[in-house]
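Nothing in this text is a laboratory measurement; each read-out follows from the coordinates by a stated rule. Treat the numbers as computed from the prediction; the structure is a model and nothing was measured. Neighbour counts are summed over all protein chains in view; Cβ atoms, including those assigned to glycine, are modelled from backbone coordinates with ideal geometry.
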2 protein chains.
Amino acid sequence: MRKIGIQEIEDIATGAALLGAGGGGDPYVGKLVAIGAVKECGEVTLLDPEEVPDDALIVPIAMMGAPTVLAEKAIGGQEYKKLYDMVTQFFGKKIYAFMPIEAGGVNSMLPIAAAARLGLPLVDVDGMGRAFPELQMVTFTIGGLKATPMALTDEKGNSVIFETITNKWTEELARSVTMSCGGSVSVSLFPMNGKQMKEYGVKGIVTRSQKLGEAIRTVKNAENQTPEEHFLQFTEGFRLFKGKISDVLRETRGGFNIGKVVLDGIGDYKGHTAYVEFQNENLAAVVDGKILATTPDLICLVDTETFTPVTTDALKYGKRVMVIGLKCFEMWRTASGIELVGPRYFGIDTDYIPLEERCKGGK
Amino acid sequence: MRKIGIQEIEDIATGAALLGAGGGGDPYVGKLVAIGAVKECGEVTLLDPEEVPDDALIVPIAMMGAPTVLAEKAIGGQEYKKLYDMVTQFFGKKIYAFMPIEAGGVNSMLPIAAAARLGLPLVDVDGMGRAFPELQMVTFTIGGLKATPMALTDEKGNSVIFETITNKWTEELARSVTMSCGGSVSVSLFPMNGKQMKEYGVKGIVTRSQKLGEAIRTVKNAENQTPEEHFLQFTEGFRLFKGKISDVLRETRGGFNIGKVVLDGIGDYKGHTAYVEFQNENLAAVVDGKILATTPDLICLVDTETFTPVTTDALKYGKRVMVIGLKCFEMWRTASGIELVGPRYFGIDTDYIPLEERCKGGK
């Protein structure tokens, strides 16, 4: 158990944005929301998963929608209380703690804001260890947990509770409502007990985000290493490419931010080209026509100077970025994990091959 | 208080399909559902509104979606129980009786099926006295009642509860979910108490439907009158046109059945042309370029031989129909009624002028 204050939030936002793998929302927007709540209501208690009783009701809080829209819509302060009331009324039981469902610039932050505003602790766990575009794409789906009852509310005060026959149906129906509400909403989903959280969750993810964020903040302080070497070391990242953004193809379709970023090589990569496809999150990195990484491994773009993460909604012509690959949480590499979030689900015609195998013998 | 059995259902279905003004669903589909339930579970008790206590919880039951789709989708038997459970859980109070929300071939029938299956009475009242395409278009909206909590369930077992800031938002969000569920779903909405039901409801609508249906069934038994004269007399209808369908323009858009039927005059109307525009329900009847009737007055198409109603989803090239106008429920003719369901809401650029004034001096 420890406290999360403003410096921790700054670092968590940066680190979580890296783990967001292009998605999960703008960390700047996210941290404003979390810092605002903590300034107003006090620091948040972060619980280690093992500190949570088996029968406690644990509720993930997140924003649903296209990150592009999310940055443009106001985030009110009443949503968490509304979600809290909906869930407690449904179960007739108090919520013990909130948790994030994914790592990402916004979705790591909203649960902190919710915890601050409701005076509840936050658990150091999530359901992805990264971000994914669809709500059924969590380790809890592999564990057989239901996404519903799912509560949804918009900043205007509309609210909806879903109970569905599959998590894919939850995604389908909640996505429709999200779009009708203007493209982004606040939700609670996968309500679970402490036992389930400990069995299937990605433990320690908040702390990992914070450490990554702290390392990025201090990346230039490394001794006997260039900042890039230091960055690759502490992230355990595989360098896939470095280039200047020469094109961004992007559209908001079906409530998702879908597209492709094209890169012209710089430095060691001069004369080479690469592209990264995304659906909210980066899905595949292709260098000179060869796939170097696919979902569920993490593909992250970072600024070549500051090493701060560049989310898919912040891609801009001319920006210089490094593309790195990070190994995903081990549960994603199982058969059910690959079925749920592997490349073929997203229409990418390749088997999943672990990042470290694809990169063997490369730069 | 009286009982509704199979003969009553047959007549109610026909009469309600006439009052459906082109919408409200196929009476054949509707009566199969109601008759099936009554055969299995027994006759339904119909209550006069005045027999209902002021504090009783009264819940309208309906199908939402494009009638075209509705006829093609299976209607399960579990939906009513699910809606019942959702509403009673929400209010922590038992439902006293069901009621229809609109008159129509399907939407007058489903509440009968629900009442039979749940062993509850039905109230002789609705919220339109006709059918309208959008869910906020009920007298209860004029009375300031909320459409929510609204419960929605599909035949697969997905379910959703909405609470919204306005009835227009309920329509917006529920329509999205309806489309995602395949185009038609079962709903309960505008839950109300007995006092509200008596204050704003269209009383006696089930009985009126039944009488109209009975008269259509026996239309040829009239003495000293042609069947058509008899039909126009008992419906108090204004004859607007008779013609053969020469074209039907139709599309399912935004969850609605939208289009226009074009008629070439026959009999007295030979050499004249007319068209009727619709959005699930008929919106405007135009003869030789002159508007003869608009929403909220009822525009109904009936077979020229049998006088059975022809719904918008049953319009076919070559079919001979008579177009009649019926005066709408008086509350629709108030300023708030016209704002809610008048011609301009539907994009028809004319003021509302009562049917009987538009038809003055006509045939």
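Provide a whole-number value for the mean count of partner chain Cβ atoms within 10 Å of the Cβ atoms in peptide A:155-168.
Values: counts 0, 4, 5, 10, 8, 11, 9, 6, 8, 6, 5, 3, 0, 0.
Per residue, the average neighbour count from other chains is 5.
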Worksheet item: How much length is gained on full extension from B:Arg253 to B:Ala335, taking 0.36 nm per residue of separation minus their Cα-Cα distance?
Response: 26.6 nm
Worksheet item: Given the rule -39500 (n - 2.57) for each run of at least 4 DSSP H residues, summed and divided by the residues of the protein assembly as shown, what is its mean residue ellipticity at 222 nm, to the nearest 500 deg cm²/dmol?
Response: -9000 deg cm²/dmol
Worksheet item: How far, in degrees from 0 to 90, does helix A:205-217 lean away from the longest principal axis of the Cα atoms of chain A, to the nearest 10?
Response: 40
Item to complete: Please give, to one decimal in nm, the separation of the simple spin-label points placed at B:Thr226 and A:Asp349, each 7 Å out from Cα toward the Cβ.
Response: 6.7
Discussion item. I need to check one value: relative contact order of chain A, counting alpha carbon pairs closer than 8 Å and at least 6 residues apart, in percent.
Written reply: 20
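Using Cα pairs closer than 8 Å and at least 6 residues apart in sequence, work out the relative contact order for the range A:84-242, in percent. If you can, show how the numbers build up before the last one.
Working: 196 pairs, mean separation 31.5, N = 159.
With pairs under 8 Å counted, the relative contact order is 20 percent.
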Discussion item. With loop defined by DSSP as not H, G, I, E or B, and exposure as at most 13 other Cβ atoms within 10 Å, which is the longest segment of chain A clear of exposed GluC sites (Glu not before Pro)?
Written reply: A:73-222
Practice prompt. Only Cα pairs under 8 Å and at least 6 apart count here; give the relative contact order of the range A:2-206 as a rounded whole percent.
Written response: 30
Item to complete: Determine the dipole magnitude for the range A:228-358: charges of +1 sit on the beta-carbon of Lys and Arg, -1 on that of Asp and Glu, nothing else is charged, the reference point is the Cα centre, and the result goes in debye to the nearest 20.
Response: 360
Worksheet item: Cα to Cα, under 21 Å, and not fewer than 8 places away if on the same chain: which lysines meet these conditions relative to A:Lys290?
Response: A:Lys242, A:Lys244, A:Lys260, A:Lys270, A:Lys327, A:Lys360, A:Lys363
Response to the item:
Projected onto the charge dipole of chain B (unit charges on the beta-carbon of Lys, Arg, Asp and Glu, signs +1, +1, -1, -1), the Cα from B:Ser108, B:Cys359, B:Ser184 with the largest positive-side position is that of B:Ser184
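Hey, got the dipole for the range B:2-206? About the Cα centre, +1 on K and R Cβ, -1 on D and E Cβ, debye to the nearest 20?
Values: 18 positive and 24 negative charges, 58 e Å.
I would put it at about 280 debye.
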Response to the item:
quick note, the range B:2-206, DSSP beta bridge pairs, % antiparallel (nearest 5) is 75
Worksheet item: Roughly how big is the range A:93-201's charge dipole about its Cα centre, with Cβ charges of +1 (Lys, Arg) and -1 (Asp, Glu), in debye to the nearest 20?
Response: 300
Worksheet item: Name the residues of the range A:1-15 whose amide N is less than 14 Å from a point 7 angstrom out from the Cα of A:Thr207 along the C-beta direction?
Response: A:1-4
Fill in: Where a label projected 7 Å from the Cα of B:Asp55 along Cα→Cβ would reach, residues of the range B:83-114 with amide N under 15 Å
B:92-96
Worksheet item: So for the pair A:Lys93, B:Lys290, with labels modelled 7 Å out along Cα→Cβ, what separation do we get in nm?
Response: 7.1
Worksheet item: R0 = 22 Å: FRET efficiency of B:Thr218 with B:Glu356, Cβ-based, nearest 0.05?
Response: 0.25
